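Participant: The structure that follows is given in the form of structure tokens.
The values are calculated or read from the model by the stated rules, or taken from the named source; none is laboratory data. Values in this document were obtained by computation on a predicted structure and should not be read as measured data. Quick reminder, even Gly has a Cβ in these numbers, built from the backbone with ideal geometry, and neighbours come from all protein chains shown.
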Amino acid sequence: MRRLPPLNAVRAFEAAARHLSFTRAGEELGVTHGAVSRQVRQLEEFLGAALFERKTRQIVLTAAGARFSLRGRRLPWPISRLPPRRSPVARPAWCASTCGRVSRCDG
């Protein structure tokens, strides 16, 4: 069975490829530019190919990055808009009301 790349890494790559900026991708995803860079590096290691050429204060898609980016564009929405992966095990949430009672929450 073929393994799929980590979704967060693909999300980070897709945003960085659209913006050509780790900083702007991080702003979109609500993470730091360093987190985007680490996720992209993880995806590059998974794929065994450099997706960006890193220059001083600039990133440029490599040929492999452009090909990978075009594959993601077949979706009807950007990958970065997909909801985050939820844990397969549902854990009950507990809420405290203003009167001090503790009960299970629905979300």
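Participant: Those residues that are surrounded by fewer than 16 Cβ atoms within 10 Å (Cβ to Cβ), in a strand (DSSP E or B) and of a type outside the set (S, T, N, Q), I need them from the stretch 29-70; list them, please.
Facilitator: Answer for the stretch 29-70, where residues must be surrounded by fewer than 16 Cβ atoms within 10 Å (Cβ to Cβ), in a strand (DSSP E or B) and of a type outside the set (S, T, N, Q): E53, R54, K55, V60.
Participant: Could we say that I59 is within 19 Å of the chain's Cα centre (by Cα) and either modelled with pLDDT under 55 or hydroxyl-bearing (S, T, Y) (or both) here?
Facilitator: No, not satisfied.
Participant: State all residues of the stretch 1-22 that are surrounded by 16 or more Cβ atoms within 10 Å (Cβ to Cβ), of a type outside the set (D, E, K, R) and part of a helix (DSSP H, G or I); if no residue qualifies, say none.
Facilitator: Scanning the stretch 1-22 gives N8, A9, V10, A12, F13, A15, A16, A17, H19, F22.
Participant: Out of all the residues in the stretch 1-59, which are of a type in the set (V, I, T) and either in contact with a His (Cβ under 7 Å, 6 or more places away or on another chain) or at positive phi (or both)?
Facilitator: Listed by number, the list holds a single entry, T23.
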